[in-house]
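Structure first, then comments.
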Amino acid sequence: MYKEKIMNRGKLFIVATPIGNLGDITYRAVETLKLVDFILCEDTRVTKILLDHFQISKQFVVVNAHNESKIIEKVFERLESGESCALVSDAGTPCISDPGVRLVNKFIEYGIEIVGIPGANAAIMALSISGLPTDSFVFEGFLPQKKGRQKKLKQLAQEERTIVLYESTYRIKKLLEELNEYMPERQIVVSRELTKKFEENWRGRPQEILTDFDKKIIKGEFVVTIAPLNWKERESENHSEPY
């Protein structure tokens, strides 16, 4: 039944891939990657590792921040001719702090059917294990590297929802130093290499985590989850209310 549905051509499938552990991919994602005609990806080397693991062979079309707008028409011509394709990122759910948003938006405008194949997402996983409030949160992805960075940090210092950020190996220490400056009393969780062999999670105030970071060389991809403003005080007030 699923094969019959997918073979109705001319669709773009947004396929979530594992964020680390290849076993976290869904059955539906594997079947979709097997059945589409070609795959849009960020890095062919990364996607090939995934496809080789599941013995899938497909043509790749590279899509990144530099060429996204240039390939839209070529991909559209193939979809219009009856082919189907999948969009994947290097890890996790496509279009979340990754290329693909302009491409998806344009295909919606062109009337192409967009089908989501859900799966792993680093921000949601980090949030789920953080122990911080999840009823309302804001995802900011990667903060601006230069222009607007300090302004954004000042805004986030007043945020009353849980905050989720992404950061790289090269700037994680700088981010922790900035959090220690702008929101030193906040409880934060720093998650490294989620689902991978060397996954680690640090919990505490920014300075406490910085002290641990100074003791060793730490590499990898990071998700930083930050407690809401005055979280402990609000939590205490809620617990003091009579039932």
Region 107-122, residues that are farther than 16 Å from Pro18 by Cβ and either surrounded by 13 or more Cβ atoms within 10 Å (Cβ to Cβ) or not charged (D, E, K, R) (or both):
Phe107, Ile108, Tyr110, Gly111, Ile112, Glu113, Ile114, Val115, Gly116
Among the numbered criteria (1) buried (at least 22 other Cβ atoms within 10 Å of the Cβ); (2) without any contact (Cβ under 8 Å) to a residue 12 or more places away in the chain, which single criterion is violated by Gly92?
(2)
Kindly indicate which of Val15, Val36, Val46 is modelled with pLDDT of 95 or more, among the β-branched types (Val, Ile, Thr), crowded, with 20+ Cβ neighbours inside 10 Å and under 17 Å from the mean Cα position of the chain (by Cα).
Val15
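Within region 101-133, which residues are over 21 Å from Val164 (Cα atoms) and in a loop (DSSP other than H, G, I, E, B)?
Going through region 101-133, the residues over 21 Å from Val164 (Cα atoms) turn out to be 102-117.
Those that are over 21 Å from Val164 (Cα atoms) and in a loop (DSSP other than H, G, I, E, B): Tyr110, Gly111, Ile112.
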Glu140 versus (1) surrounded by 13 or more Cβ atoms within 10 Å (Cβ to Cβ); (2) assigned to a helix (DSSP H, G or I): which is the lone unmet condition?
(2)
If you check Tyr182 against the conditions, is it touching a residue at least 60 places away in the same chain (Cβ under 8 Å) and more than 11 Å from Ile226 (Cα to Cα)?
no
Which residue is nearest to the chain's Cα centre (by Cα), if the candidates are limited to region 199-219 and must be at pLDDT below 90 and within 30 Å of Gly23 (Cβ to Cβ)?
Lys219
Do we find that Lys70 is of a type outside the set (Val, Ile, Thr) and surrounded by 15 or more Cβ atoms within 10 Å (Cβ to Cβ) in this structure?
no
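Quick grid of which residues meet (1) basic (Lys, Arg); (2) in the same structural domain as Leu179 (by TED's automatic domain parsing); (3) surrounded by fewer than 20 Cβ atoms within 10 Å (Cβ to Cβ):
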position	(1), (2), (3)
Val75	no, no, no
Arg78	yes, no, yes
Pro99	no, no, no
Asn105	no, no, yes
Asp135	no, yes, yes
Pro144	no, yes, yes
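The values are calculated or read from the model by the stated rules, or taken from the named source; none is laboratory data. Small disclaimer: the values here were computed from a predicted structure and weren't measured. So basically every Cβ, Gly included, is an ideal-geometry build from the backbone, and we count neighbours across all protein chains shown.
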